[in-house]
1. Exactly one condition in (1) closer than 23 Å to Gly75 by Cβ; (2) open to solvent by 20 Å² or more (accessible area, probe 1.4 Å); (3) more than 15 Å from the ligand (Cβ to nearest atom) is not met by Gln271; state its number.
2. Of all the helices (runs of 4 or more DSSP H) wholly in the stretch 119-192, which have at least 3 residues that are within 16 Å of the ligand (Cβ to nearest atom) and under 23 Å from the mean Cα position of the chain (by Cα)?
3. Can you work out which of the residues in the stretch 214-246 that are open to solvent by less than 20 Å² (accessible area, probe 1.4 Å) and polar (S, T, N, Q) is nearest to the ligand (Cβ to nearest atom)?
4. Considering only residues of the stretch 85-108 that are assigned to a loop (DSSP other than H, G, I, E, B) and closer than 27 Å to Ser344 by Cβ, which is nearest to the ligand (Cβ to nearest atom)?
5. Being surrounded by 15 or more Cβ atoms within 10 Å (Cβ to Cβ) and either of a type in the set (Asp, Glu) or on the phi > 0 side of the Ramachandran plot (or both) is the filter here, so list the residues in the stretch 1-36 that pass it.
6. Return a yes/no flag: does the stretch 368-386 have any residue that is outside any loop (DSSP other than H, G, I, E, B) and free of Cβ contacts under 8 Å to residues at least 24 places away in the same chain.
7. Search the stretch 247-264 for residues being among the charged types (D, E, K, R) and in contact with a helix residue (DSSP H, G or I) (Cβ under 8 Å, 6 or more places away or on another chain), and hand back the single one that is nearest to the ligand (Cβ to nearest atom).
Amino acid sequence: MQGVYVKPVSGAKGEIRVPGDKSISHRAALFGGMAHGETHVSNFLLGQDCLSTLRCLNQLGVSWERQGTEVWIRGEGMDAWQEPVDVLDAGNSGTTMRLMLGVLAGSPFAVTLTGDASLRSRPMRRVTDPLRQMGAQIIGRQGGTLAPLTMEGGQLQGQTFRTTVPSAQVKSAIILAGLRASGETRVLEPALSRDHSERMLRGFGVEVQSLGTESWVRGGGRLTGQTVLVPGDISSAAFFLVLGSLVGSGELILKDVGVNPTRTGILDVLQGMGADIELSDVLDVCGEPRATLRVRPSRLKGIEIGGPMIPRLIDEIPILAVAACFAEGETVIRDAAELRIKESDRIRSVADGLNALGAKVEELPDGLRIHGQPTLRGGYANSLGDHRLAMAWAIAGLLSEEGVSVENMEAAEVSYPDFLTVIKQVAK
Ligand code: S3P
């Protein structure tokens with residue numbers, strides 16, 4: 001067998017500080033680059049995705065300095081951005097590509113954005129169509145719907161868009177373009193997606209209005225450099241919430257985890273399954289609530305989820321599926337067809353991966369049906385280059401009978417570079 005072997009453990013104990021939130025780190029860097037004056041970001045995520053955003057900013061003429069997880073960005077406003085002399089590479093990061101397209105739609109120069117094989121296969125029409133309607137010119141593969149994409153930005157007109165899937169990347173791209181458009185730009189979503197852009201833009205001094213699933217902005221807003229303290233990423237904490245719930249003994253304490261209500265679906269669902277998770281020290285910093293989470297072992301039961309819950313835990317579904325393998329009864333996840341166009345087709349890859357480890361998982365067109373069993377055999381699993389699968393397979397290994405050899409474990413570096421080191425520290 002190949003890959004990194006993760007052996008079964010009987011307990012997990014300790015205090016963990018998960019790395020900074022990926023979505024918030026991207027936005028802090030990007031808005032810092034758009035702002036006037038210095039932005040200081042603390043606890044910036046050093047995952048490959050957020051480093052891609054910093055590199056792209058550099059190529060656009062924005063200067064920044066980094067020492068560990070502290071980043072200082074010297075913003076001179078969006079009008080100071082320069083035409084890059086080479087292609088911008090967003091790597092594996094959908095957020096970098098889609099948010100950058102939104103900002104660059106109002107820049108009067110040409111720019112080409114590309115990414116790795118996974119990102120080049122992910123749908124971009126959801127951002128290119130609205131940005132074109134606002135006035136940007138975009139060409140690319142397959143009618144300008146797949147990267148590499150070349151954009152020539154310029155004068156934009158504000159519009160109202162009714163999106164068909166809840167997506168914070170699409171909503172943010174439109175709002176960011178709206179900041180540089182004439183008049184008002186409005187986005188109505190079918191369900192509320194994460195609202196980090198709206199919260200942080202307000203912190204940078206821009207008036208963004210929100211009501212329910214609707215957000216709008218008037219063109220001409222000016223961003224002023226800020227201090228941003230990034231909370232721990234609940235999507236990274238989710239792996240430890242599942243480990244701490246299903247391992248034989250112990251207790252895990254997760255400090256300073258972001259608990260923005262648009263992201264806490266995983267807490268609601270695990271608690272609904274019977275998990276023993278407690279929140280304390282809830283505190284609002286820089287417009288984002290954060291808390292300490294304590295998790296102890298418990299017996300989980302199956303659950304049915306769908307509808308507006310899905311965008312609140314979309315990135316946590318792979319690890320939730322691992323939890324469901326051990327829950328009593330059946331777990332059904334619906335309305336999650338978006339999973340098919342993430343870093344991998346996460347419906348197929350989760351079902352195939354878990355079944356190969358001895359689980360009973362059925363693939364549904366828009367989700368998964370998982371029949372819980374008392375144990376999971378283990379074996380071999382491939383991350384397929386998808387960071388969240390790599391970490392889900394590692395947690396499955398810790399909870400399994402025989403352990404799991406995870407092929408392409410290094411994919412975890414996209415969002416959690418120290419993941420295996422932390423696992424070694426808490427595993428007993
Ligand atoms: C993100 C939004 C979500 C999420 C992704 C990060 C963001 O994607 O899955 O990991 O930072 O805005 P969608 O906007 O495609 O739903």
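The values are calculated or read from the model by the stated rules, or taken from the named source; none is laboratory data. The structure presented is a predicted model; accordingly, all values stated were derived computationally and were not measured. Cβ coordinates were reconstructed from backbone atoms using ideal geometry, including for glycine residues, and neighbour counts include every protein chain displayed. What goes into the accessible areas is simple: the full protein's heavy atoms, side chains included, and nothing from ligands, DNA or RNA. Shrake-Rupley method; radii C 1.70, N 1.55, O 1.52, S 1.80 Å.
1. Gln271 satisfies all of (1) closer than 23 Å to Gly75 by Cβ; (2) open to solvent by 20 Å² or more (accessible area, probe 1.4 Å); (3) more than 15 Å from the ligand (Cβ to nearest atom) except (1).
2. Working: elements: 125-134, 141-144, 168-178.
Of the helices (runs of 4 or more DSSP H) lying wholly inside the stretch 119-192, those with at least 3 residues that are within 16 Å of the ligand (Cβ to nearest atom) and under 23 Å from the mean Cα position of the chain (by Cα) span 125-134, 168-178.
3. Result: Ser235.
4. The qualifying residue nearest to the ligand (Cβ to nearest atom) is Ser93.
5. Gly3, Gly14, Asp21 - these are the residues of the stretch 1-36 that are surrounded by 15 or more Cβ atoms within 10 Å (Cβ to Cβ) and either of a type in the set (Asp, Glu) or on the phi > 0 side of the Ramachandran plot (or both).
6. No, the stretch 368-386 has no match at all.
7. Here is the first cut: in the stretch 247-264, the residues among the charged types (D, E, K, R) are 251, 255-256, 263.
With in contact with a helix residue (DSSP H, G or I) (Cβ under 8 Å, 6 or more places away or on another chain) added as a condition, the list becomes 251, 263.
Values: Glu251: 29, Arg263: 10 Å.
Among those residues, the one meeting the criterion is Arg263.
Yes/no per residue for (1) open to solvent by less than 10 Å² (accessible area, probe 1.4 Å); (2) closer than 22 Å to Tyr416 by Cα; (3) among the β-branched types (Val, Ile, Thr):
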{"site": "Ala327", "(1), (2), (3)": "yes, no, no"}
{"site": "Ile333", "(1), (2), (3)": "yes, no, yes"}
{"site": "Glu338", "(1), (2), (3)": "no, no, no"}
{"site": "Asp345", "(1), (2), (3)": "no, yes, no"}
{"site": "Lys360", "(1), (2), (3)": "no, no, no"}
{"site": "His371", "(1), (2), (3)": "no, no, no"}
{"site": "Gly403", "(1), (2), (3)": "yes, yes, no"}
